[in-house]
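For reference, the structure is listed below as structure tokens.
The values are calculated or read from the model by the stated rules, or taken from the named source; none is laboratory data. These numbers come from a predicted model, not from an experiment. Note that we place each Cβ from the backbone using ideal geometry, even for glycine, and neighbour counts take in every protein chain shown. What goes into the accessible areas is simple: the full protein's heavy atoms, side chains included, and nothing from ligands, DNA or RNA. Shrake-Rupley method; radii C 1.70, N 1.55, O 1.52, S 1.80 Å.
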Amino acid sequence: MTIPERHLPVLRRCIELSWEARRRGDGPFGAVLVHDGRVILEATNVSRTQSDPLGHAEMTLLRAAVGQVPREILSQVILYASTEPCVMCSGALYLAGIRRVVYAASAEAIARFLHDDIALSCREVLRSAREPVTIEGPFLEEKALEPHRGFWPAGE
């Protein structure tokens with residue numbers, strides 16, 4: 001799959017954020033919210049350091065976004081993620097009004113590291129949504145998987 005040039009810097013930033021999370025001891029995941037080509041929010045996974053199983057990068061980002069960004073703007077943003085949003089994050093981004101997602105590593109690829117998680121594509125989760133969600137990815141998958149290597153005890 002050919003990656004549109006405009007996605008590259010933001011996906012690279014998501015991957016940088018995933019490395020930041022890993023260095024801090026959290027799961028290596030990062031997410032960025034972009035509106036009109038401008039980054040408006042960034043987040044990392046905080047599940048371990050905040051003892052919050054809901055502290056995925058996308059959830060952390062969404063919690064901030066719904067408190068700061070008007071709903072009409074949320075419907076125009078792109079949510080970028082270092083990995084394909086999980087089932088929980090997919091539902092949450094839809095409920096927040098986000099209708100476009102771009103990700104680096106696929107759920108299938110990340111499942112090699114997270115044997116106990118649900119490896120369901122966000123496309124599957126959002127397929128029956130009332131309003132369509134544009135989903136693009138995977139892009140830069142091998143680069144996005146690097147922070148996961150050696151991090152997860154049960155994984156690759």
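Structural remarks
- Residue in the stretch 73-94 that is surrounded by fewer than 24 Cβ atoms within 10 Å (Cβ to Cβ), without any contact (Cβ under 8 Å) to a residue 24 or more places away in the chain and of a type outside the set (Ser, Thr, Tyr) present: no
- Candidates ARG48, ARG24: the one that is touching a Lys or Arg at 6+ places or on another chain (Cβ under 9 Å), free of Cβ contacts under 8 Å to residues at least 24 places away in the same chain and over 16 Å from CYS122 (Cβ atoms) is ARG48.
- When ALA104, ALA65, ALA109 are checked against the criterion of being open to solvent by less than 30 Å² (accessible area, probe 1.4 Å) and either closer than 17 Å to ARG130 by Cα or in contact (Cβ under 8 Å) with a residue 60 or more places away in the chain (or both), ALA104 stands alone in meeting it.
- Within the stretch 34-65, the residues that satisfy the criterion of being part of a loop (DSSP other than H, G, I, E, B) and of a type outside the set (A, V, I, L, M) are ASP36, GLY37, ASN45, SER47, ARG48, THR49, GLN50, SER51, ASP52, PRO53, GLY55, HIS56.
- Taking first residues from the stretch 3-16 that are more than 22 Å from ARG149 (Cα to Cα) and partners that are open to solvent by 60 Å² or more (accessible area, probe 1.4 Å), the Cβ contacts under 8 Å between residues at least 6 apart in sequence or on separate chains come to ARG6/GLY37.
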